[in-house]
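Notes follow once the structure below has been shown.
The values are calculated or read from the model by the stated rules, or taken from the named source; none is laboratory data. Since the model is a prediction, treat every value here as computed from it, not as a measurement. Positions of Cβ are backbone-derived with ideal geometry, glycine not excepted, and every protein chain shown enters the neighbour counts.
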Amino acid sequence: MADGTVDDATEATPDDEAPVDEVPADEIPEGIPGTSRFVETNGVRLHVVEAGPEDGKLLVLLHGFPEFWYGWHETIAALANDGYRVVVPDQRGYNLSEKPPDVADYRIGELARDVVGLIDAYGRETAAVAGHDWGAAVGWWLAIHHADRLSELVAVNVPHPTVFERALRTSWRQRRKSWYVLAFQLPRLPESIARAGNWRIGVRALRETSDPGTFGEEDFRRYRRAWDRDGAFEAMVNWYRAIVRERPKPDTPRVEVPTLVIWGANDPFLEKRLAGESLEHCADGRLLTIDDATHWVIHEDPHRVAKAVADHADPLPPGARE
């Protein structure tokens, strides 16, 4: 088992340019339950937000690009109230978490072992894992290569790795949708372009690929702050560089962990058919399609997503939840 330790909460600071070991006073929005911690796992120090009863079933929520733990913020209260011990990390390279310098530090196997270390750090044998975007990619890898550590998987708007790899080989439509992956392979230029105009391109991308009003100015303030942290955006892009350089293939396409795929049907980045094709590799798989949502479904319909996660990985006995 991977070593993992949990540190006490670090004193909050109002400084937006807080050192990595300090947490801004407003890191967790008012009304969102949770406490910040730093966890040593798999050789890196990750910032996590935790909520819910300490003895509750462990549920790890994994964000994607270009977000951070805050991507799940609207689901935390509901899931904590349902009895989960909710743990939401900034994955390596993001926001307040450690940012290793090399592209190889962001290989999918390392990202998965970070989560195994989190499970260890909370003293558990298993956890339910829900991931969105890149977080779903990490979740799929965990379910294949560390199946004994997962009780359930929820994958939101990223398909099974075998399905995605086949789509990139055979579908020009999907290749066009994934153009940015190749653009991110250029050295330094993506980071420079992204910073221009106070992160204008990132803000515009979130706004234009989601339903109107999904992201507000307070959301963008938080994202700009996270992107602007020293080394953060380079580390975030290194996830894409690592996956292209390594081209990993799972040991087996078969997923034995009970799996729920949640899919916003109007995703501009991924073909809708990939959701159903992912279930073909699952021994116990279900699909929830949300027809009026986009790739950013965890923001557009967070209560429905939270309920689906809770129903799939129910910590309570039948009939206990109202």
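Figures for the structure shown
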{"read-out": "Filtered residues of region 148-160 (kept if in contact (Cβ under 8 Å) with a residue 24 or more places away in the chain and either more than 18 Å from the chain's Cα centre (by Cα) or surrounded by 21 or more Cβ atoms within 10 Å (Cβ to Cβ) (or both))", "value": "Arg149, Leu150, Glu152, Leu153, Val154, Ala155, Val156, Asn157, Val158, Pro159, His160"}
{"read-out": "Test result for Ala194, among the aliphatic types (A, V, I, L, M), free of Cβ contacts under 8 Å to residues at least 60 places away in the same chain, crowded, with 19+ Cβ neighbours inside 10 Å and part of a helix (DSSP H, G or I)", "value": "yes"}
{"read-out": "Every pair of residues 6+ apart whose Cβ atoms lie under 9 Å, when the first sits in region 94-110 and is closer than 19 Å to Trp227 by Cα while the second is hydroxyl-bearing (Ser, Thr, Tyr)", "value": "Asn95/Tyr70; Leu96/Ser36; Pro100/Tyr106; Tyr106/Tyr240"}
{"read-out": "Any hit, region 180-187, residues being surrounded by 17 or more Cβ atoms within 10 Å (Cβ to Cβ), at pLDDT 95 or above and either touching a Gly at 6+ places or on another chain (Cβ under 7 Å) or in a helix (DSSP H, G or I) (or both)", "value": "no"}
{"read-out": "Some residue of region 296-314 being more than 17 Å from the chain's Cα centre (by Cα), part of a loop (DSSP other than H, G, I, E, B) and either crowded, with 18+ Cβ neighbours inside 10 Å or not β-branched (Val, Ile, Thr) (or both)", "value": "yes"}
{"read-out": "Top-ranked residue in region 115-126 [being surrounded by 24 or more Cβ atoms within 10 Å (Cβ to Cβ) and under 15 Å from the mean Cα position of the chain (by Cα); ranked as nearest to Pro268 (Cα to Cα)]", "value": "Val115"}
{"read-out": "Residues that are surrounded by fewer than 24 Cβ atoms within 10 Å (Cβ to Cβ) and of a type in the set (Val, Ile, Thr), drawn from region 76-114", "value": "Val103, Ile108"}
